[in-house]
Amino acid sequence: MNKQTTEEPVQYLTFRLEDEIFAVNVNHVHEVLDWTSITVVPRSPEYMRGVINVRGSVVPVADLRLKFSMTETRKTIHTRIIVMELSIEQEPTILGIMADAVKEVIELSPEQIENPPKVGSRWRTEYIHGIGKRDDKFIILLDMERIFSSAESPLIEENHAAE
């Protein structure tokens with residue numbers, strides 16, 4: 001990848017879903033909450049678990065594991081809700097996303113980020129900002145606005161031969 005070396009490093013909040021480490025740009029993150037009770041909203045997509053009250057505001061909560069065709073997130077002592085502000089369909093939107101665990105805030109410079117592979121990847125590349133490399137580990141940098149603006153598109157490549 002040919003990136004300019006004059007670009008500034010960017011901070012990312014890392015979190016875990018199953019055994020994978022993902023990250024989102026900290027500029028989108030408002031806060032990280034402990035698990036709280038979620039009110040179910042009838043007829044919402046399966047990955048939308050419901051809404052929570054954040055200081056008097058109603059915030060929808062998405063289960064990223066369901067959005068990514070994994071099993072449903074289960075409450076543990078490490079489960080968190082990451083409250084983010086995203087621009088979805090050109091509208092500022094506050095959204096909570098569930099994570100198995102929130103890890104840390106890291107800083108990645110442009111030379112530590114590669115384009116996602118075009119083939120052989122479990123994840124749809126149009127939803128990935130890049131693949132970060134840190135301490136011999138790979139971190140999937142998500143484009144949250146694109147993921148949620150295409151609500152009907154699954155993140156995982158699927159075999160549609162049965163359809």
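Every number in this text was worked out from the coordinates using simple rules, so none of it is lab data. Every value quoted in this text rests on a predicted model; they were computed, and no experiment measured them. Methodologically, a virtual Cβ is constructed for each residue, glycine included, from the backbone with ideal geometry; neighbour enumeration extends over all protein chains shown.
A few comments on the model shown:
- Listed peptides 72-85, 11-24 by packing density, highest first (mean Cβ within 10 Å): 11-24, 72-85
- Cα gyration tensor shape for the range 10-149, rounded if a/c is under 1.5, else prolate or oblate: prolate
- Cα shape, the range 48-115, gyration tensor, a/c 1.5 rule: oblate
- Order by protection proxy (mean Cβ within 10 Å, highest first), peptides 94-106, 34-46: 94-106, 34-46
- Summing Lys and Arg as +1 and Asp and Glu as -1 over all other residues whose Cβ lies under 11 Å from the Cβ of residue 97 gives a net charge of +3.
- Multiplying the residue separation of residue 55 and residue 8 by 0.36 nm and removing their Cα-Cα distance gives an extension gain of 13.5 nm.
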